[in-house]
Structures are given as C-alpha cells and as structure tokens.
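First up is the structure itself, then whatever we jot down about it.
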C-alpha cells in the first residue's frame, strides 16, 4: 500500500529507509515534531509580539489554556508513547535524540531572546528551562489518567505563577 500510494518502486523506498519499521518510525517522528513545533512557533510569536513582560505573561496564560487543554490529551500520550518506545528501540532512540536536540535548540533560541528583552532570569541554566517547559506539558498526563481530575484553571494558574515568579523573577 505504501509503495502504491507513494508511486515508487520497492528498491527506491529502501534507498531511503532501512526497512518498513524505519519508514514508520520516521513518520511517527514527524508527527511528534510537528506538534511540538506548533507549540514552539506559538511561543516564539508571543515573545516577539509582546512589548512588555506583563503583556508576555498575559499571553502565556492564553498559551497554557491551549497547550494544557483536554483536546491536547492525544498529543501528550502520543509523545509519551514515543519516548517509551525509544527505550526498547536503539535506532528510534537515536532518531528521537537528534530530533529532540533540534527542538531543544529552537526553545533555547526563544529563551535567549527573552533574556535579550530582560525578561528571563539570568540565574537559570537555559537547558534546564527548556526541559522544564516541556516537562510540565507531559506532567498533565498524570491528571489525564486520574479518576478525580484537578481543575485546568488551577494547573494553568500554578504554571503561570512558576513562570512569573521563578523564570521571570530577577
């Protein structure tokens, strides 16, 4: 089916991919990256469009509602599944590692820009900020599986306060 849909010969496909699993892992990696890049682009636009730290914080609250909402549950679980899959698949782990490094650099560029604007604390290691921002989205999974749900407003308020008081506090 894949060969027919792509309109390529089997030999051509295997010039680019080691095997069918390699092709599928590449597709999964692309899906993973596309969703993360959407978050990165929204965050980048917010930083560039905000003229003050207060305007930025207001925008962060909007982004949190978007990125932490129940409609992003599938994205969170998909990302978690791929992270777990990489533990048992060395080839995919290498692919994911390279892609995650690229995504981390994109986040880091945004945080450098925030420092240039005087918004991001200079006492924080950029690599740690990059991972923290991605980790709280994955942390939402704990509530996704909980019988008794926390309020989205409470979660987003907590993250907003951490951003305001820890990341932006000088």
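Quick look at the numbers
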| read-out | value |
| --- | --- |
| Helix 73-88 vs. the chain, principal-axis angle (Cα, 0 to 90°, nearest 10) | 60 |
| GNM flexibility winner over the chain from 107, 136, 17 (Cα, springs under 10 Å) | 17 |
| Listed residues 16, 157, 54, most fluctuating in the chain (Gaussian network, C-alpha, under 10 Å) | 16 |
| Least to most buried among 166, 129 (fewest other Cβ within 10 Å first) | 166, 129 |
| Ranked 24, 1, criterion: other C-beta atoms within 10 Å, fewest first | 1, 24 |
| Shape call, the range 14-55: gyration tensor on alpha carbons, a/c limit 1.5 | prolate |
| Shape category assigned to the range 81-125 from the gyration tensor of Cα positions, a/c cut at 1.5 | prolate |
| Residue among 37, 125, 147 with the largest mean-square fluctuation in a Gaussian network model of the chain, springs linking Cα atoms under 10 Å | 147 |
| Span from the the range 111-129 Cα centroid across to the the range 64-102 one, whole angstrom | 24 |
| Global form of the range 20-167, assessed from the alpha-carbon gyration tensor, a/c cut-off 1.5 | oblate |
| Residues 22, 169 arranged by fewest to most Cβ contacts within 10 Å | 169, 22 |
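We did not get these values from a lab; they are worked out from the coordinates using the rules stated. None of these values were measured; they are calculated from a predicted model. We place every Cβ from the backbone using ideal geometry, glycine too, and count neighbours over all the protein chains shown.
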